[in-house]
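Enquirer: Sharing a structure, written as structure tokens. Questions coming.
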Amino acid sequence: MALNVELLESSFAQIKVNSLEVTKQFYTVLFTDYPEVQPLFANTNMEKQRKQLFQSLVFTVNNLGKPDVLSGALRDLGTRHTQYGVLPQHYPMVGSSLLKAFEVSLGTAWTPDVQQAWTEAYEVVTQLMLKGADYLPESLILTGEQTMDTIALVPNNSLITETPEEGRQLAVKLARLIVKLTQPDEEKRKQLREVYGNDAMMLIAIGQTVATEFATIAAANNYWKELGNA
Ligand code: HEM
């Protein structure tokens, strides 16, 4: 993806003027919009963290023209983030909060073009960081409250659906979510589809997983009792 380097540099020059405010705003937005990530920073010196975050943004913008330097540094940063308990699904939360903080800082200079330039840049940064974060299924096993809180394994936190048909669709979705959780890399999931798509036993295993999810959903909704009484 070709980034709009000129626009990123000129808007960042303005953001830099209020760097302290911007980073404060960023963490305020992040913890307000996504309180589930706050435990990750439980033992963090936030003053130091704000500075380090901003320095890494400065480094990123300064090296937009040097893809090799940038990708190496961001890959390493991504690797370190796995040690902080950061998961792939946290990246859009940070992106949305960062862009909101930039918007506040830039005011009327936050034009649709600037917004697009930063959305694309954040996407590239995320991809580079995730390259360094080889999430193994073991590292995604839920441990403690912190991770449990951050993964929406039950959409809308409810198993209740209008009809059994929707219930069955939810069962398929839940089965998919567990696959996504254990293998967050889209590319690897694509490769694996080839494998299980051609293996009858694996396909039956998928059917069984969905059936178990559906049995749970059906029990929660009392479908059969209510349909029988109708
Ligand atoms: C554009 C993406 C991001 C950038 C540029 C960034 C930058 C940084 C930097 C520079 C540090 C200092 C430590 C180090 O260099 O290893 C850090 C630490 C940290 N970041 Fe990020 N980060 C990003 C995304 C995220 C995301 C998505 C999360 C999840 C909520 C996150 C949570 C943390 C945590 C928990 C720490 C450790 C704080 C501590 O030392 O206790 N970061 N980040």
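Enquirer: With +1 on each Lys and Arg Cβ and -1 on each Asp and Glu Cβ, how big is the dipole of region 5-136 about its Cα centre, in debye rounded to the nearest 20? It would help to have the intermediate numbers written out before the result.
Expert: Values: 10 positive and 13 negative charges, 87 e Å.
That gives a dipole near 420 debye.
Enquirer: Separate question: For a quick check: sort TRP110, TRP224, TRP118 by the number of other beta carbons within 10 angstrom, fewest at the front. Before the final figure, lay out each step's value.
Expert: Details: TRP110 19, TRP224 11, TRP118 24.
The order, fewest Cβ neighbours first, is TRP224, TRP110, TRP118.
Enquirer: Most fluctuating residue of GLY78, GLY132, GLY167 in a GNM of the chain with Cα springs under 10 Å: which is it?
Expert: GLY167
Enquirer: For the chain, set up a GNM with springs between Cα atoms under 10 Å and report which of LYS188, LYS131, LYS100 has the largest fluctuation.
Expert: With Cα springs under 10 Å in the chain, the top fluctuation among LYS188, LYS131, LYS100 is at LYS188.
Enquirer: Further, regarding this structure: Net charge within 13 Å of PHE214 by Cβ-Cβ distance, Lys/Arg positive one each and Asp/Glu negative one each, not counting PHE214 itself? Show your work: numbers first, answer last.
Expert: Details: positive: ARG168, LYS173; negative: GLU165, GLU166, GLU213.
Cβ neighbours under 13 Å give a net charge of -1.
Enquirer: Based on the Cβ-Cβ distance from LYS24 to TYR84, what FRET efficiency comes out when R0 is 22 Å, to the nearest 0.05? Write down the numbers at each step before the final one.
Expert: Values: r = 20 Å, r/R0 = 0.91.
Taking R0 as 22 Å, the efficiency between LYS24 and TYR84 is 0.65.
Enquirer: For region 1-103, count all C-alpha to C-alpha pairs, find those more than 18 Å apart, and express that count as a whole percent of the total.
Expert: Numbers: 2741 of 5253 pairs.
Within region 1-103, distances greater than 18 Å cover 52 percent of Cα pairs.
Enquirer: For ASN198 and ARG176, compute 0.36 nm times the residue count separating them, minus their Cα-Cα distance, and round to one decimal in nm. Working shown, then result.
Expert: Values: separation 22, 0.36 × 22 = 7.92 nm, distance 1.80 nm.
Full extension of this stretch gives 6.1 nm more.
Enquirer: Right, another one. Net charge around THR126, counting only other residues with Cβ within less than 14 Å of its Cβ (Lys, Arg = +1; Asp, Glu = -1)? All intermediate terms of the calculation are to be shown ahead of the outcome.
Expert: Details: positive: ARG75, LYS131; negative: GLU120, GLU123, ASP185, GLU186.
Spelling it out: positives minus negatives among the neighbours equals -2.
Enquirer: Here's another thing I want to ask about it. Using only the alpha-carbon atoms of region 54-93, report the extent along each of the three principal axes, biggest first, to the nearest angstrom.
Expert: For region 54-93, the Cα extents along the three principal axes come out at 29, 18, 15 Å.
Enquirer: Where in the chain are the DSSP H helices whose C-alpha atoms run 15 Å or more along the long axis and whose mean Kyte hydropathy is at least 0.5? Kindly include the intermediate steps, with their values, before the conclusion.
Expert: On the way: long enough: 5-17 (19 Å, 0.70); 19-33 (21 Å, 0.20); 46-62 (24 Å, -0.46); 67-83 (24 Å, -0.58); 91-106 (22 Å, 0.82); 112-132 (31 Å, -0.23); 164-182 (27 Å, 0.09); 186-197 (16 Å, -2.04); 200-221 (31 Å, 1.26).
Qualifying helices: 5-17, 91-106, 200-221.
Enquirer: For the chain, list log₁₀ I(q)/I(0) at each q in 0.10, 0.12, 0.16 Å⁻¹, using the Debye formula over Cα point scatterers of equal strength and ignoring solvent, two decimals each.
Expert: -0.61, -0.81, -1.17
Enquirer: Ok, one more. I need the Debye-formula profile for region 155-229: one equal scatterer per C-alpha, no solvent, reported as log10 I(q)/I(0) at q = 0.15 1/Å, two decimals.
Expert: Per q value, in the given order, log10 I(q)/I(0) is -0.59.
The numbers here are math on the coordinates, done by the rules we state, and not lab data. Model, not experiment: these values are computed from the prediction. All Cβ positions, even for glycine, are placed from backbone atoms using ideal geometry, and neighbour counts span all protein chains on display.
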